[in-house]
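Data block below; observations after.
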Amino acid sequence: MNKRFILTVIFVFVALINLVGCSSSSDNDLHSESGFITGSLLDAASSNIVATSDSSEYIIPVDSQGRFSASLPAGVYSLSYRAAESNKLVLTNKTIVVANNVTISIVDADLVPQPQVLNVNIPVVNIGSAIIEWETDIESDGYIEYGTNELYGVSSYVSSELSKRHRVQLNSLMANTTYHFRVVASRHNLESTRFFTQDYTFTTSE
């Protein structure tokens, strides 16, 4: 009777070990799933492809002929490339889904440049209004986010006209109040192309 009991306990113990081992192996396989991305983007030659997911960013070097290849964890990625000289990001209108042991070939993508704000000026500040000007390196649209703290909370109108020089007047401001603002530059108001400046401040007159 005792021998049977001992054998039963040993059998259950071994079964549990095997079950835990299988579960652990399955989890490892899930986390180790990966696929491959290869491609040729001549405009991205000698720069870096940036593959961005919800939680990670992967840098993929591009050779002088625009060719690249890399292994990525399974997931959904948006692509952009980072120019070697200016470190500027230019977005590609391409979203890819990387699956386990699948190779994705990128041979073409619509490039969407991301504007960079070069300088910001506040030429006029009155009791209840202010004028803000900014320049961008390429033609863009954009708007101002502003408020009495860095949470902003108010947006100026969106300028739909593409231009390198921009001018916005903020009205209905409170007197003797410090306002925070930042410039948001974009192309055709596409969310993926938006460039956000640092925080700026001005104080209205009494």
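Quick notes
- Failed criterion for Val76 (all others in (1) more than 20 Å from the chain's Cα centre (by Cα); (2) modelled with pLDDT of 90 or more hold): (1)
- Scanning the range 83-98 for residues that are within 15 Å of Ser47 (Cβ to Cβ) and either of a type in the set (Ser, Thr, Tyr) or free of Cβ contacts under 8 Å to residues at least 60 places away in the same chain (or both) yields Ala83, Ala84, Glu85, Ser86, Asn87, Lys88, Leu89, Val90, Thr92.
- Of all residues making up the range 127-148, the number that are within 18 Å of Tyr200 (Cβ to Cβ) and of a type outside the set (S, T, N, Q): 12
- Residues (buried (at least 19 other Cβ atoms within 10 Å of the Cβ) and farther than 13 Å from Val125 by Cα) located in the range 146-183: Tyr146, His166, Phe181, Val183
- The condition (being small (Gly, Ala, Ser), in contact (Cβ under 8 Å) with a residue 24 or more places away in the chain, in a strand (DSSP E or B) and closer than 30 Å to Ile49 by Cβ) is satisfied by just one residue among Ser160, Ser105: Ser105.
- Residues in the range 108-149 that are within 14 Å of Val184 (Cα to Cα) and outside any strand (DSSP E or B): Gln114, Pro115, Gln116.
- Matching residues, the range 109-139, being among the charged types (D, E, K, R) and either over 15 Å from Arg194 (Cα atoms) or surrounded by fewer than 16 Cβ atoms within 10 Å (Cβ to Cβ) (or both): Asp110, Glu133, Glu139
The values are calculated or read from the model by the stated rules, or taken from the named source; none is laboratory data. Keep in mind it's a predicted model, so treat the numbers as computed, not measured. Note: ideal-geometry Cβ built from the backbone for every residue, glycine included; neighbour counts use all protein chains shown.
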